[in-house]
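Encoded as structure tokens, the structure appears first; notes follow it.
The values are calculated or read from the model by the stated rules, or taken from the named source; none is laboratory data. What you are looking at is a predicted structure, and each value in this text was computed from that prediction instead of being measured. All Cβ positions, even for glycine, are placed from backbone atoms using ideal geometry, and neighbour counts span all protein chains on display. Just so you know, the surface numbers come from the protein's heavy atoms only, side chains and all, with ligands and any DNA or RNA stripped out. Shrake-Rupley method; radii C 1.70, N 1.55, O 1.52, S 1.80 Å.
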Amino acid sequence: MKFLYLLLLFFWVLLLENTLGENAILFKISDGLEIRASLIIKAAFFFLNCICIYKQKKINKCFVFIGIFLLFLLLSTCYTLLLNASYFLSSFSQFIHFFLNFNIVFFVFLYVKNINQMFFFIKGLTYFAYFNAFLVVLSYFFPILFSGFEASTSDDGVTRSFGLMGDEVSLFLTFFLYAELVKKNRYGMFIFLAAIICTGGIGATITTASLFFYHFYKNLKLSQSLIIKTGLSVFLFLFFLIVFSSQLQQLSVVSRINQNLSGSEEGTGQLRVLSLLNGFEMFMKRPFFGVGYGSYNQNVMAGYSGLIESAGNVMSESTAGNILGSTYNPFLQIVCEAGLVGLTFFIYLIVNFLKLLKIKLETSSILVQNFREASYGWLLIFIITCLSANWFLPASFLLLLILTLVGLNLKLNNLYKK
């Protein structure tokens, strides 16, 4: 269990580094290659995995598909060297981070010894989520309480708060909301729901609504009492919408939707559409192998600098650069960087993740069944609905959550195999 504390520490260190920003850098070698505490911990995962595998003298065959995918990413990174050597160092640095992140899957599988250890770790990760949900709500009502809070109110009166994690926190919390929904813990579910509402995230709202519909559909039993309850709930919901329609307009997510639909300059919707169009344009130039993994941002900075400067009229150039520097869609991002070949490998990875989480386990443990259901249901809905945020990035909390869940469920497959 002592090694699992290292993974929990990793999540807390990342949160601290996100708060400190540039001050979290311990040593900077070059642009894109920085030494941070989180990198040291990720390197520790790798070395601990090597030691454990050396002692066992074997590698579980269930990891083969991950090795195939990482090998392709390495080749795509080397392809960047052929296209533009000046982009290679940054791209290779991103690959190294990505490779070390995937060691989390192996780490969890190798060092979780029994179910008690696993659920002690899951409880610790859930406390981490509760802490971030509390910070989101706190920063919503008291944005200037702490200088590290990411919270602001636009000129149109739209308030958004992200606590210390940043805008990924809204989608990050959707898993824990769904886990509480599966466990029928209403209090925990409403805490996470309140935090998600405070973020004003449109994508997170869509994912949350989809999770509720998925859970309802999956557990649907056409009994007379359920039909009556469902009809009554729908009626009360519509009545609530009509009576409190003016108050609902003040919600951040509703205001942001109206803002982007109206084409207001305060919204980032138009710039995000432009980033998508840039992505499609880049894909059409190199449809089969892309521009090389990890080099999308450099290509945008070189080819679309004029757009970033013009966007600086209504927002800072750094903000415009961040928005245009990503397609905000994981599938489009990978097809731009690695082409249709890369998209095939990416889908191959995701499909294998879902297959591993869907294997039926021979256990009567309610805890195991609930965690299994929450993991598979959330990952399935997340992949389908999360199309306006690129989570497939080395520093993404969402990617780290997915890899942790995959590692835990791989261990469940191992513990309860026939």
What number of residues within the stretch 394-418 satisfy the criterion of being without any contact (Cβ under 8 Å) to a residue 60 or more places away in the chain and open to solvent by 20 Å² or more (accessible area, probe 1.4 Å)? 3
Please work out if Phe72 is surrounded by 17 or more Cβ atoms within 10 Å (Cβ to Cβ) and within 13 Å of Phe102 (Cα to Cα). no
So, of the residues in the stretch 129-154 that are touching a strand residue (DSSP E or B) at 6+ places or on another chain (Cβ under 7 Å) and small (Gly, Ala, Ser), which turns out to be modelled with the highest pLDDT? Ser139
His97 fails exactly one of the following numbered conditions: (1) of a type outside the set (Gly, Ala, Ser); (2) under 22 Å from Phe345 (Cβ atoms); (3) free of Cβ contacts under 8 Å to residues at least 60 places away in the same chain. What is the number of that condition? (3)
Only one of (1) open to solvent by less than 70 Å² (accessible area, probe 1.4 Å); (2) modelled with pLDDT of 85 or more; (3) within 30 Å of Arg286 (Cα to Cα) is not met by Leu81, so which one is it? (1)
Search result, residues across the stretch 320-372 that are without any contact (Cβ under 8 Å) to a residue 40 or more places away in the chain and assigned to a helix (DSSP H, G or I): Gly321, Asn322, Leu343, Thr344, Ile347, Ile350, Val351, Leu354, Lys355, Lys358, Ile366, Gln369
Exactly one of Leu340, Leu307 is modelled with pLDDT of 75 or more and open to solvent by 50 Å² or more (accessible area, probe 1.4 Å), and that one is Leu340
Within the stretch 155-223, helices (runs of 4 or more DSSP H) holding 1 or more residues that are modelled with pLDDT under 90, of a type outside the set (Phe, Trp, Tyr) and open to solvent by 40 Å² or more (accessible area, probe 1.4 Å): 186-199, 202-218
Scan the stretch 30-48 for residues that are in contact (Cβ under 8 Å) with a residue 40 or more places away in the chain and within 19 Å of Pro394 (Cα to Cα) and report the count. 9
Which members of the stretch 166-180 meet the condition of being touching a residue at least 40 places away in the same chain (Cβ under 8 Å) and of a type outside the set (D, E, K, R)? Gly166, Val169, Leu171, Phe172, Leu173, Thr174, Phe175, Phe176, Tyr178, Ala179
Within the stretch 146-165, does at least one residue satisfy the condition of being in contact (Cβ under 8 Å) with a residue 24 or more places away in the chain, closer than 30 Å to Ala44 by Cα, of a type in the set (A, V, I, L, M, F, W, C) and touching a Ser or Thr at 6+ places or on another chain (Cβ under 7 Å)? yes
From Ser76, Ser86, Ser93, grab the single residue that is within 23 Å of the chain's Cα centre (by Cα) and at pLDDT below 90. Ser93
Give the stretch 22-49 a look and list any residue that's modelled with pLDDT under 90, more than 24 Å from the chain's Cα centre (by Cα) and open to solvent by less than 40 Å² (accessible area, probe 1.4 Å), or say none. Ser30
Sole residue being exposed (fewer than 13 other Cβ atoms within 10 Å of the Cβ), assigned to a helix (DSSP H, G or I) and small (Gly, Ala, Ser), chosen from Gly67, Gly124: Gly67
Can you run down the residue pairs with Cβ atoms below 7 Å, 6 or more apart or on separate chains, where the first is in the stretch 1-29 and in a helix (DSSP H, G or I) and the partner is basic (Lys, Arg) and open to solvent by less than 60 Å² (accessible area, probe 1.4 Å)? Glu17/Arg36; Ala24/Arg36
Tell me, please, whether a residue that is of a type in the set (A, V, I, L, M, F, W, C), open to solvent by 60 Å² or more (accessible area, probe 1.4 Å) and either under 17 Å from Leu48 (Cβ atoms) or over 21 Å from the mean Cα position of the chain (by Cα) (or both) can be found in the stretch 106-118. no
Could you tell me whether Ala389 is assigned to a helix (DSSP H, G or I), surrounded by 18 or more Cβ atoms within 10 Å (Cβ to Cβ) and in contact with a helix residue (DSSP H, G or I) (Cβ under 6 Å, 6 or more places away or on another chain)? no
